[in-house]
Structures are given as structure tokens and as C-alpha cells.
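Only one structure is covered here, and it is reproduced in the block below.
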Amino acid sequence: MKIRFHGRGGQGCFTAARLLGLAATAQGFYSLAFPSFGPERRGAPVVGYTKISDKPVRDRSAILKPDVVVVLDEKMLNAASKSGLAENGLLLVNSKEITELALKILGRAVVNTAMLGLLAKKDIVKLEFVEQAIKNEFKGALLEKNLELLRRAYGN
Amino acid sequence: MATDPNNKRNPNRPQIVSWNIPSKLEDYLPYPHAPSGVLIEGHANWRLEKPIVDCVACKNCGTCELLCPDAAIFYEEVASAKSAKSIAIDYELCKGCGICAFECKFNAIKMEKE
Amino acid sequence: MAIQKFLSGNEAIAEAVKLAKPAVIAVYPITPQTTVVEKLADFVANGELKTEFINVESEHSALSALMGASAMGVRTFTATSSQGLLYMSECLHYAAGGRFPIVMMNANRAVALPWNIFGDQRDSLSQLESGWIQLYAENAQEAFDLTLSSFAIAENHAVALPVMLNVDGFALTHTYEPLNIISQEDADKILPPFKPFFEMNLEKPLSLGFSAGPRDNTAFKQHQINGMKAAAKLINEKFGDLVDAYKLENAKYAIITLGSISGLVRDVIDELQSDGVKVGLLRLRSLRPFPEEELRSALANFKTVGVLEKNLSVGAENAVAKEIKSALYGLENAPQVLAFSGGLGGRDISANEIKDIISKIIGGEK
């Protein structure tokens, strides 16, 4: 299973890829997560990659033929973000509702954990392991808010 | 390396230790670091002239000690009315270059033929 | 008891350094090594690692400071990459000649110009003759394991040489993967407390780095060669061999790699072998000491081998390919050796490109 995330620097695009990898590992799979390499600049287009398998993942090359594409910024829904996605592949795009949900809960339009909720809903990884990954990443109020955002997005 | 037992030196000065040129690899240290404060040969017989200090003219200013290129000049503790320490020359190190005599502002060092 | 974590290669190395407990770390940050420095600084700040952490003003100073610290008889660590490694170049030769058992992580990155911060192996391969042991890790687990091994190798008295542990920039330094982190107790078994080869202190002052003229200079170099030979023996006996052979048994063709690209090559070999293609992989874990004997015995009956390195020798055959050729020289029916450059300036290498290389190896064409 190859998942490619598209977003902008500062939207938590690679964090989503990494948390998905961590969740998949916790669920008992092997995984690899890496960002599009290079200078990190807020606002610049960023790609995050997660590879999940029942065998150790040894291929570190960029994902050219993803099974799933997740677009965190709907303005980035274009030929580049959709490239290589199979006819029966899954394309998840951030919507106005998700952004509003993030604004309401986090106070910021950061939708990465919400998109992880949608991935769990599509059974890419189980919700409990995403929760576990988020608990590993955040603390205190931020943890509670992200868990709420995750669960609300999952329940939508 | 071993200290030469026949060499009666001031114990506070670098000791002369006998050293043979290694003839096989095992005789060399495996690293280029060696105990400091030792000399593998004295320089006394390198000299044509030797510096002699005039203790009356000397003001203990320390210029010669500072400028000696071989650190052959040092202060020795003495019990004198003038000072608790006075300039001394380690003649085993001194090569007789004469810089001390040239630099002395009080003409307190003269070079004499060996 | 090991615990599984999901970490980047850089974080894995920082975790291993924490377990190794160096007394002095002197380091200057540079992409893509920076997160090693950040993680170690975190460990120091939160009290998990007690060390003298020196924020130096350059890589030249980082290695100079560590030579001084190492002479005082303590374990030392630094990390660098690319331009930083090249800026250290003078000190690299110095540290090896001085027999200082310093461990350094190098995040393999392209060298300027044109300016490029991405991964390739031109930096470390340009420093093969600096006298350092050079190891190359394939994944985060191996980077973690080899960090601890590097200290044990460097500090072995028969070896007494600095170790450069190379990890591919970004492809390994910034990729997150599961790995097992061993306990402090187990780390202490692999890596006992540092016992210096020579030691300087106020009671035993040393003249560090004396000169050795034309008569004596060669002897010190011969001692260094002996240290490298001892490293080869030690690595083969205790730290997982200089080379890593994968499905070579029935192969007639081999691809030779170093570093993290080897993982993808394994995937391609699995696929091709299931289709009956007789190709295997030989991964070089160490370039210094160079595994000459291992190569001669592993590749004796091969038809053609191709060497894939993230490197380019301008005006000559690639550095690693040339060394492989030299190692195989004089063998009866020595295999043909083909050189391939890939991944320059961080360029992605795909499975199809590996297949292209393998078909060229089998076709015997350059």
C-alpha cells in the first residue's frame, strides 16, 4: 500500500505521512515514511510518502504510482497531485467542512489529523492505532484537540 | 627511552634521555605522540660562543627568557638581597645563538668564546 | 530487552550515541545531518546524556576539538556532511595519523558546485585516502547498530583509528522506519568503557603530533596499515562482515552497491530471480578497510559485475568500480566490471532503472 500526501509547508503534510507510518507499525505492519526532500519553507508545495507492507519495506524511491492520494489543500488538486493514481485508486481531498472542523476544534486550519481520520474510515489503518500514534506525538490540550478532530473526521 | 644516569641535571629542567634510532617497526611508537619535557640530545657542543650573565647589571626584566628560541634561559630561585630569583642559563640546551645578548637592554649578557 | 520505535535514520544514530555515552561531542550543524545535532542537544538539555557538548564555529574546529579531547583519554563523537566533511579534510588525515579513535557520522550529500543539499556519496568517496575507516549503512537499524559498533572498532587497541559511518542523506537520514533500540545494559555489553590507547594528563604530559622526517615517516604509516588490517579482522569476526552477499549462490551476474539503495536492489533481485534471471547483490559495508579478499572469493566465477555508486569520477572510471576492478585483477577468468553512476544530487533511482542497469550487466555493455 502506497500513500502519497500533498500539501503546503506548515500544514503538517509530512507529519501525517509519518503518523500513518507509525500507526501502521503499531498495527503490526512494516512501514516507511519520508518527505519530499529539500529546503523546508512554509507555503511551498510539499509531498509526504508512506509505504505500508506485511514485509519489511526496502524500496526508498519516491511513490510514482500511489494507491491513495491525500490532498491537504484543495487548491493543490491538480495533474501533479493526481499523477500515477490508478483508476480504482483512492483520492481524498480536504473539503470546506473539514477545514471548518479544524478551525472550530484547533483554532487553525491544520487538517492533517482530520485526514488521518478519513484514512481510518476508509480502513487504510485502524482508528485505535492512529489514536496511539497521535498520543505519541502530542501532549496536553493539543493532544485532546487532535484526538477530537481525528474522531470527528472519522465519524463524519 | 631511559634517563642517562651520568647526566646530573637540574631536576626541574628537561632531562636528557638516551634514544636509539629504531631499526624495526616494533621499535617505533604506534602513534606520533611522545612524553614531553625530555631531550634526546644536549646542545652544549653545538656552541662557538656562550652567553655569560652579569648579575649586577641584570635587572631581571625577563626579556632574554622570553626571546630565547630554545627556552634555555630560566629563572632560578636564589637567596640574595636584590631578588628572590635570578636569570640562569641551561648550558645543555643553549646553542650559542646570541639573541639574548643582542636583545638585553642593560648589556648584562656578553658572548664569550668557548 | 529491545523496544521498537519508529524513527528516522538521524534519530536512530542519536539514540545510539546516547547509549555510547561519549564524554565530548563537538559538532557543527549542516543539512542533512542537522537533526542528529538537534536530537543530541535535546538529550543533553533534558539530562538524558551527560556530555561536554561543544557548539564549535566550524567543522575544522569540531574535529580539532575532538582530537584534543580524545588525547585526554575520553570517548568522542561528531557528525557532518558534504561541504563540512571537505572543510574537515586536513583534520581527517590528522586524526587518522594521530590514531585518535573518534567516531563521526557523515550524512552522504552531493558537493558543490552546482549547489545541492541532496543525497549522494561524492563527499565520503572523495576522502577514501584520509586513513579513516569508512562504513556504509543500508537502513536505520543498521545505522543504529553500526554507531555502537563504530566506537568498539575505533577504540580497539589493535585498530586505534577513527571511524566514519556513512548514511545516505535524506533517503536514510530523513526516512522514518521501525527499528529496535537496545537497552543501556545491552549497549554496555557491546561497548565497554573507553580505555585509551595513549593518554595525556597533567602527570603525563605529551608532545602531541610530533614530526617524523624522511627516515621515520614510513614506519608510522605502516602502523596505520596494520591498524586497518586489524579493523578488517575485527569487523569480520564481530560486527557483521565487510560485505553483505544477497542471493549470490546461483548467480552469474552481480550488482555491487553501497548504502541505502541496496534495499530496492534486493526487491528487484527477488523479482528477477523468480523469473529465472541469475543476478545477485553484493553490498559493500566497508570501503576502508577494503574487502579485497572477500570480493575475490565471492565473485571468482562471475561473468559480469556492475558497480552502482552515487558518485562520479570526472576523467576516470568511478572510484568504487576502479577499486573492485583492482581487487579482481589477476583472477583466472576475472569477471568483467562495469561502472554505473546513479542518484547524483539526490536524483531518485527507481526499480525500472535498477532493471535497466541489470540488463546492461547481463548484456555486458557499458
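From the alpha carbon centroid of the stretch A:44-77 to that of the stretch B:3-63 is 71 Å. Computed over the stretch C:301-366, the alpha-carbon pair-distance distribution with 10 angstrom bins reads 21, 50, 26, 3, each value a whole percent. Counting beta carbons within 10 Å around each of C:354, B:21 and listing the fewest first gives the order B:21, C:354. Put simply, the C-alpha atoms of the stretch C:115-271 give a gyration tensor, and the ellipsoid matching it has half-axes of 33, 20, 17 Å, longest first. Using a cutoff of 8 angstrom between alpha carbon atoms and counting only pairs six or more residues apart, the relative contact order for the stretch C:1-156 works out to 27 percent. Average projection, convex hull of the Cα set of chain C: 19.4 square nanometres. Residues within the reach of a label modelled at residue C:303 (point 7 angstrom out along Cα to beta-carbon, backbone nitrogen below 15 Å), restricted to the stretch C:225-269, are C:250-255. Of A:82, A:96, A:126, the residue with the greatest mean-square motion in the GNM of chain A, using alpha carbon springs below 10 Å, is A:96.
Between the stretch C:281-303 and the stretch C:1-51, the alpha-carbon centres lie 32 Å apart.
How big is the dipole moment of the stretch C:284-366 about its Cα centre under a simple scheme where the beta carbon of each Lys and Arg is +1, that of each Asp and Glu is -1, and everything else is neutral? Debye, nearest 20, please.
100
In angstrom, the C-alpha Rg and Dmax of the stretch B:44-113 are 11.5, 35.
Charges on Cβ only, +1 for Lys and Arg, -1 for Asp and Glu, centred on the Cα centroid of chain C; of C:207, C:257, C:140, which one is farthest towards the dipole's positive end? The one lying farthest along the dipole's positive direction is C:207. When cysteine pairs in the protein assembly as shown are screened for C-beta atoms closer than 4.7 angstrom, the residues that find no partner are A:13, B:55, B:58, B:61, B:68, B:94, B:97, B:104, C:91. Put the Cα centre of the stretch C:171-223 next to the Cα centre of the stretch A:96-156 and the gap is 47 Å. One chain, two ends: residue C:296 and residue C:50. Fully extended at 0.36 nm per residue, the span grows by 84.0 nm beyond their Cα-Cα distance.
Normalised by 2.2 N^0.38 Å, where N is the number of residues, the C-alpha radius of gyration of the stretch C:243-363 stands at 0.97. If you take all other residues with their beta carbon under 12 Å from the beta carbon of residue A:128, and give Lys and Arg +1 and Asp and Glu -1, the sum is +2.
Neighbours of residue C:305 by Cβ distance under 11 Å: Lys/Arg scored +1, Asp/Glu scored -1, total +3.
Placing R0 at 60 angstrom, the Cβ-Cβ distance between residue C:241 and residue B:70 gives a FRET efficiency of 0.65 after rounding to 0.05. Within a straight-line Cα-Cα reach of under 15 Å, residue C:355 can be paired with the following aspartates and glutamates, leaving aside sequence neighbours fewer than 8 residues apart in one chain: A:59, C:267, C:270, C:271, C:275, C:365. Between rounded, prolate and oblate, where does the stretch C:80-146 land on the alpha carbon gyration tensor, with a ≥ b ≥ c its root eigenvalues, rounded for a/c under 1.5, else prolate if a/b exceeds b/c? Note, shape of the stretch C:80-146 comes out oblate. Bridging of residue A:126 to lysines at a Cα separation below 18 Å is possible for A:2, A:51, A:135, once same-chain residues fewer than 8 apart are set aside. Of all the options A:57, A:69, A:110, the one that moves most in a Gaussian network model of chain A with Cα springs shorter than 10 angstrom is A:57.
In straight-distance terms, cross-link reach from residue B:110 covers every one of the lysines whose alpha-carbon lies under 25 Å from its own, apart from those fewer than eight places away in the same chain; here that gives B:50, B:59, B:82, B:85, B:95. The label-point distance for residue C:317 and residue C:42, in a model that sets each label 7 Å from Cα toward Cβ, rounds to 4.6 nm. Residues considered: C:48, C:90, C:332. Largest GNM mean-square fluctuation over chain C, using C-alpha springs under 10 Å, is found at C:332. Taking the 0 to 90 degree range and rounding to the nearest ten, how far is the long axis of helix C:262-274 tilted relative to the main principal axis of chain C, both from C-alpha atoms? Between the helix axis and the principal axis of chain C, the angle is about 20 degrees.
Full extension of the segment from residue A:91 to residue A:148, taken as 0.36 nm per residue of separation minus the current Cα-Cα distance, would add 18.2 nm. Computed from point charges on the beta carbon alone (+1 for Lys and Arg, -1 for Asp and Glu), the dipole magnitude for the protein assembly as shown about its Cα centre is near 960 Debye.
Across the stretch B:44-113, Cα pairs under 8 Å and at least six residues apart give a relative contact order of 49 percent. Amide H of residue C:342: which non-local residues (sequence gap of 5 or more, or other chain) have their own amide H closer than 5 Å, using H built in the peptide plane? The list, which skips near neighbours in sequence, is C:309, C:310, C:311. Summarising the overall dimensions of the stretch C:194-253 from its C-alpha atoms, the Rg and Dmax are 19.4, 62 angstrom.
Quick check for me: using +1 on Lys/Arg Cβ and -1 on Asp/Glu Cβ, what's the dipole size of chain C about its Cα centre, in debye to the nearest 20?
740
In terms of its alpha-carbon gyration tensor, the stretch C:24-160 comes out rounded; the largest-to-smallest axis ratio a/c stays below the 1.5 threshold. With q set to 0.11, 0.18, 0.20, 0.22 Å⁻¹, the log10 of I(q)/I(0) for the stretch C:1-89, from the Debye formula over equal scatterers at the Cα positions, is -0.30, -0.77, -0.93, -1.10. Here the residues C:267, C:42, ranked from fewest to most Cβ neighbours within 10 Å of their Cβ, fall in the order C:42, C:267.
For an R0 of 30 angstrom, estimate the FRET efficiency from the Cβ-Cβ distance between residue C:218 and residue B:15 and round to the nearest 0.05.
0.55
Once the mean 1/r over all distinct Cα pairs of chain A is inverted, what Kirkwood radius in angstroms do you read off? Kirkwood radius, chain A: 15.3 Å. Calculate how steeply helix C:319-328 sits against the longest principal axis of the alpha-carbon atoms of chain C, using the helix alpha-carbon long axis, and give the answer as 0 to 90 degrees to the nearest 10. Rounded to the nearest ten degrees, it is 70.
When the alpha carbon coordinates of the stretch A:6-76 are projected onto the principal axes, the ranges are 35, 21, 21 Å, largest first.
The H on the amide N of residue C:260, modeled in the peptide plane, is under 5 Å from the matching H of C:168, each at least 5 residues off or on a different chain. Scaled against the 2.2 N^0.38 Å expected of a compact globular protein of N residues, the Cα radius of gyration of the stretch C:149-230 reads 1.54.
Extent of the protein assembly as shown along its three principal axes (Cα atoms, max minus min coordinate, largest first): 103, 69, 46 Å.
Values quoted throughout were computed directly from the atomic coordinates according to the rules given, and no laboratory measurement underlies them. Please read these numbers as outputs of a predicted model, since none were measured by experiment. Heads up, the Cβs are rebuilt from the backbone with ideal geometry, glycines too, and the neighbour counts pull from every protein chain shown.
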